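All remarks here apply to the structure that follows.
The values are calculated or read from the model by the stated rules, or taken from the named source; none is laboratory data. Worth saying up front: this structure is predicted, and the values here are computed from it rather than measured. Cβ sites come from the backbone with ideal geometry, for glycine too, and all protein chains shown count toward neighbours. For accessibility, only protein heavy atoms count, side chains too; no ligands or nucleic acids. Shrake-Rupley method; radii C 1.70, N 1.55, O 1.52, S 1.80 Å.
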Amino acid sequence: MKTFIALLLALPLLCFAQKQPKAIKVTYQKSYLGRVTDADNPVVIFSDINKTMITSTAILAKKAILPAEQTVVSHSDESYIQLAELGTGKFISTKDSTSIKKQQLELLPDTKTILGYTCHKAKTVINSNTIEIWYTNDLGIKGAPSVLGIGLGLVLETVRNNNFVVTATKVEKLKDGKTHYTIPSGIKITDALSYRDQLWKSRFTTISVFKDEVINFSGESASNDSVVRFANGTVILRKINFPEIKPGNQVFVDLTEQSNGDAYDRTGSVFIIPQGEKQSFLDGLKNGVNKLPLYDNGNGKKYQGIAKVTGYMPLLELMRFFTPFGVKQYNYLQLKDKTWQEAVPYRQDISELAPSFSNKEVWVGVFIGNYDKGGHKISMNLTIHKDEVQYNKDTTVLPLFNTVNVMEMAGQEYGMLFSSPKGLEVHFTLQKDLKNARLRYITTGHGGWENGDEYLPKKNTITLDGKTAFAFVPWRQDCGTYRLYNPASGNFENGLSSSDYSRSNWCPGTVTNPEYIDLGDLKAGGHIITITIPMGAPEGTNFSAWNISGVLLGRE
């Protein structure tokens, strides 16, 4: 007889030390689209007339990937307790006394035989999924591979949407008096919502970068032991020591934003400062923007720190985002039938950039351009998730250019270099051949008046070694979708709000997604990449600019 492991507190309802007149063990196989899944870890249940324990082979062998969850059902009152092991010796649990009673099951006349037992059919629909349940009463014992249908009898098969099947492969009759349970001590039962939240969060690694940090423009902005501020508080940095991120892991950046005084839509950027070169962007933050390498394309201005040169790499942009018009701070500006959101959530997959910070200590920063003393309040996490499929096979991450003037409030030039036909030209050298090279390209146009590039579609052309690699017009036409993030957005005579208008690849309150441009296999040696955009001419004090960033990806 196998031992029932990892259960709850020794509550009277769960104590199985007494002998039982009858008990069974059932093993279930899972399959999807006709193929067996998780073959080495089938679901296992132990049932008697009083209770059912739902577990798995791996849990019983103490080889389960954590978190590992088990369920114990009490048949007398149709309640159940869920118990999860999150780590060595760390358990959480919750009790549900109502869900089984609320199950709505349609009993059907169909029958079939499974493992020699006559089974009857029931059906239900849960969250638009049709589930068929085949159960038997031949053994006089209730049980199931989940709590669904467990009150009907012994469930030997469930079929979800005709493609996912859990079916019994073996039913073993256990001898009386051989079943015993060991229950971990000191485990408290929590509410179901807290239980699910802890269980979910235990499935991935969370790195908290910033919590309720203000990004504003003020000479009073001060650094502390963990968060460093530059450019009068519009740039915040924190040094993060990343764990090893294994191939196949997925990495996400999560940021939430609220207005803390500023009512306008602003450019935001999440970035990493590349290290390992003679010079870094941190030198400019500490010692002044003119300490950075200058780029001159002949249009009369010099642009600080925007392009890769020998001994320097520009900022590696993880995510480009745009604040809305005054979310939270200006929610008192009421409109009929409009219920404003309390904050804007931004979330983006950055898995392909993981080689640049895996197992490294790097500076992670956030910039929001604004001249407001209240500014904006943000919180940000990075999360690392295990996955069976390796979606990204890039081993090389090389920042080539970034014209986002992160030090705007400390004198860094706007990206107006595209007024020259030369645009941006970056020379770079590969030490080894690069397979399946791609350019991760983020672009947004700015110039917020009628003839500004914010509101005019403009073609971006990317050339590699003298040949056009890609050309497209970046444009967003879905900005009106995000109206409820924008309480301070102006309303015009034509019935539109400012935040409704289509823009050059961005909307107030959204992330701008990268374009991934295939470059093919690149040979070791020197290469030239060029970006040209027909940027509009200035009018009076109004001018246009383009914020673009480019990262070379590939596999050596």
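Nearest 500 deg cm²/dmol is fine: what mean residue ellipticity at 222 nm does the chain get from its DSSP H runs of n ≥ 4 alone, each adding -39,500 (n - 2.57), divided by its residue count?
-1000 deg cm²/dmol
If the cut-off is a Cα-Cα distance under 29 Å, which lysines reach LYS338, setting aside same-chain residues fewer than 8 apart in sequence?
The qualifying lysines are LYS211, LYS328, LYS373, LYS377.
Using C-alpha positions alone, give me the convex hull volume of the range 120-235 per residue in cubic angstrom.
Looking at the range 120-235, the number lands at 240 Å³ per residue.
Between the range 63-103 and the range 382-450, how far is it from one alpha carbon centroid to the other, in angstrom?
47
Mind checking the per residue accessible area of the range 377-524 for me, 1.4 Å probe, whole number of Å²?
45
Tell me, what ³J(HN,Hα) does each residue in the range 464-471 have, in order and in whole Hz, if you take phi through Karplus 6.51 cos²θ - 1.76 cosθ + 1.60 with θ = phi - 60° and put x for Gly and Pro?
Karplus-based 3J(HN,Hα) across the range 464-471 equals 10, 6, x, 10, 5, 8, 6, 8 Hz.
Convert each backbone phi in the range 22-39 into a coupling constant with the Karplus relation 6.51 cos²θ - 1.76 cosθ + 1.60 (shift: θ = phi - 60°), then list the ³J(HN,Hα) values in order as whole Hz, x for Gly and Pro.
Listing the rounded values in order: 7, 8, 9, 10, 10, 10, 10, 10, 9, 9, 10, 6, x, 10, 5, 10, 6, 4 Hz.
Multiplying the sequence separation of LEU108 and ASN163 by 0.36 nm and subtracting their Cα-Cα distance, what value in nm do you get?
Once the chain is fully extended between LEU108 and ASN163, it gains 17.8 nm.
Ordering LYS278, LYS211 by accessible area with a probe of 1.4 Å, largest first, what comes out?
Largest accessible area first, the residues go LYS278, LYS211.
Note the full-extension length gain between LYS123 and LEU496 as 0.36 nm times their separation in residues minus their Cα-Cα distance, in nm to one decimal.
Extra length available between LYS123 and LEU496 comes to 129.4 nm.
Could you compute how much accessible surface TYR264 exposes when probed at 1.4 Å, giving the result in Å² to the nearest 10?
Taking all protein chains as shown, TYR264 has close to 130 Å².
Counting DSSP beta bridges in the chain, what percent are antiparallel, to the nearest 5?
95
Give a quick list of chymotrypsin sites (Phe, Trp or Tyr not before Pro) in the range 391-439 that DSSP marks as loop, anything other than H, G, I, E or B, with at most 12 other Cβ atoms within 10 Å.
TYR391
Starting from the eigenvalues of the Cα gyration tensor, five times each then square-rooted, give me the equivalent ellipsoid semi-axes of the chain, largest first, whole Å.
57, 26, 23
Using Cα positions and a limit of under 27 Å, work out the lysines in reach of LYS393, with same-chain residues fewer than 8 apart set aside.
LYS201, LYS239, LYS246, LYS308, LYS360, LYS432, LYS435, LYS467, LYS523
For the range 19-96, what's the radius of gyration and Dmax over Cα atoms, in angstrom?
Rg then Dmax for the range 19-96, in Å: 13.9, 42.
Please compute the modelled spin-label separation between THR190 and THR481, points set 7 Å along Cα→Cβ, answer in nm with one decimal.
Between THR481 and THR190, the label points sit 3.4 nm apart.
Just need the relative contact order of the range 238-320 here, percent rounded to a whole number, with Cα pairs under 8 Å and 6+ apart.
Reported as a whole number, the value is 32 percent.
Can you give me the angle between helix 192-201 and the longest principal axis of the chain, using Cα atoms only, in degrees from 0 to 90, rounded to the nearest 10?
So the inclination is approximately 60 degrees.
Once amide H atoms are placed 1.01 Å from N in the peptide plane, what residues at a sequence separation of 5 or more from GLY143, or on another chain, have their amide H within under 5 Å of its amide H?
Hits under the 5 Å cutoff: GLY153, LEU154, VAL155.
Counting only other residues whose beta carbon sits under 13 Å from that of THR256, what net charge do I get with K and R as +1, D and E as -1?
Combined, the nearby Lys, Arg, Asp and Glu give -1.
Please list TYR117, TYR441 in order of solvent-accessible area, largest first, computed with a 1.4 Å probe with all protein chains present.
Sorted by accessible area, descending: TYR117, TYR441.
GLU361 accessible area, nearest 10 Å², 1.4 Å probe?
The accessible area comes out at roughly 110 Å².
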